[in-house]
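Engineer: Dropping the structure in here first, questions after.
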Amino acid sequence: MMSYGYKPELSEGAIKSPIFQTSTFVFRNAEAGKAFFEVAYGLREKGKSEELGLIYSRINNPDLEILENRLTLWDEAEECAVFASGMAAVTTVLMEFLTPGALLLHSCPVYGGTEHFIEKILVKRGIHCVTFYPTDSKSDILRKIRESGHADDLAMVFLETPANPTNAIIDMTMCREIADAFSTKEKRVLVAVDNTYMGPLWQHPLKFGADLVVYSATKYIGGHSDVIAGACLGSAALIKRVKTLRTFLGNMAGPWSGWLLLRSLETLKVRMECQAGNAIRVADFLKGHPKVEKVYYLGLIPECDKQYALYRRQCSSPGAMISFDVRGTETHAFRFLNALRLIRLAVSLGGTESLAEHPATMTHAEVPPEERAVMSISEKLIRLSIGVENASDIIYDIDQALAQV
């Protein structure tokens, strides 16, 4: 991955890819310009030995192309498209593959921005939606689809697993089976997975039947809380459609963001492994604390729980996201949050610094209270994103903050 997709000899021998801060690119001749546009706008397929050049940074840019090539390696995808944000990736995918009258089946909870786009924007454009929960069985979900009255119009299953913020796991193979049950020779029902919570290191949805995997690259991929970006990966045919819509929506990432993400990819594995190791120690501390009622962490799922088998099959690590219920109410949760000194009170996740937030009043504030109750997002729930600090320092900070509860 470190050198994939980049030829130093094309950039004055620079060991790292330069930032190609340019809007447009010069064609060798008019014939070359014609050939580039024919392929870029889908007027013809690229020839087997044809080397295409660059046109315009809204269509392609060296920093983004190198980044996309390297990201494909982690998920073993054919192609990748990088966006200006995670929401840009999610919304472009949903807009490209859902048309008025289509049915979208999606898990709950999903990221708050995704939930808003589905429930407040897609429905206004004639898209029908059916929600399912991690606790729903396959038969429960099939029943919901049929009872919607739009079973024949199912176009996509969109899920986020593990769920944010409770780490509930959804069976991706089951979702593929559900999609196949409503697919026909003329129409394949797609499965798209938001893999932001596990990043490209700890879970690979394409191996479990997903057609598309999306990321907020702001999180683990970026990893330094200094860039906003998103990504979508999948087959060459599907990503071609995604990139075509991206071109006309104009929501691709810029070259500076692409360069920052190239920098971050080089430390992705060491960062995430350090964060996961720290999270194991933090979870072990929390599970025995008298002021902690329950810990939501993949590494603490009992072997007798059916979620344990899913976790072992789908994930290669328990990750670095931990949620827990304090004993008490919102007042007690706020006392904890306000007493933190090392851990920062902020939303987002996956950065080098540890973060804490209150889902019920922050990231999931728009979710109706009755839905939050079903998802175990209570007023006493706190979410932690564990960083790369010394684990003992993180635990010390949590311990002294819990003393204020």
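Engineer: Find, among the trypsin sites (Lys or Arg not before Pro) in the stretch 163-199, those assigned to loop by DSSP (not H, G, I, E, B) with at most 16 other beta-carbon atoms within 10 angstrom.
Structural biologist: Those satisfying the criteria are Lys185, Lys187, Arg188.
Engineer: Test of understanding: extend the Cα→C-beta vector of Ser3 to 7 Å, then name every residue of the stretch 66-90 with backbone N under 18 Å from that spot.
Structural biologist: In the stretch 66-90, the label zone of Ser3 (backbone N under 18 Å from the point 7 Å along Cα→Cβ) covers 66-67, 69-71, 73.
Engineer: Pairs Lys48/Lys240; Lys124/Lys187; Lys138/Lys240; Lys34/Lys240; Lys306/Lys380: which are spaced more than 27 Å apart, C-alpha to C-alpha?
Structural biologist: Distance filter (> 27 Å) returns Lys138/Lys240.
Engineer: Mind checking which aspartates and glutamates have their C-alpha under 15 Å from Lys16, skipping anything on the same chain fewer than 8 residues away?
Structural biologist: Once the sequence-local aspartates and glutamates are set aside, what remains near Lys16 is Asp63, Glu65, Glu266.
Engineer: At a Förster distance of 30 Å, what's the computed FRET efficiency of His289 paired with Arg146, Cβ-Cβ distance as r, to 0.05?
Structural biologist: Rounded to the nearest 0.05, the efficiency is 0.10.
Engineer: Could you sort the peptides 45-51, 138-144, 293-299 by per-residue average Cβ neighbour count (10 Å cutoff), highest mean leading?
Structural biologist: So the peptides 45-51, 138-144, 293-299, ranked by packing, come out 293-299, 138-144, 45-51.
Engineer: Right, here's the next one. Lys120: which aspartates and glutamates have alpha carbons under 12 Å from its alpha carbon, excluding same-chain residues fewer than 8 sequence positions away?
Structural biologist: Glu366
Engineer: Just to check I understand the Karplus step: with θ = phi - 60° and J = 6.51 cos²θ - 1.76 cosθ + 1.60, what whole-Hz values come out for the stretch 199-204, glycine and proline as x?
Structural biologist: x, x, 9, 9, 7, 10
Engineer: Using a 7 Å offset from the Cα along the Cα-to-Cβ direction at both Val123 and Ala236, what is the distance between the two label points in nm, to one decimal?
Structural biologist: 4.1 nm
Engineer: How much mean residue ellipticity at 222 nm does the chain get from its helices, if each DSSP H run of length 4 or more adds -39500 (n - 2.57) and you divide by all residues, to the nearest 500 deg cm²/dmol?
Structural biologist: -11000 deg cm²/dmol
Engineer: If you don't mind, there's one more thing I want to ask. Evaluate E = 1/(1 + (r/R0)^6) for Glu76 and Thr331, where r is the Cβ-Cβ distance and R0 equals 45 Å; express this FRET efficiency to the nearest 0.05.
Structural biologist: It comes out at approximately 0.40.
We did not get these values from a lab; they are worked out from the coordinates using the rules stated. Computed from a predicted model, the values in this text were never measured in an experiment. With ideal geometry, Cβ positions are generated from the backbone for all residues, glycine too; neighbour counts draw on all protein chains shown.
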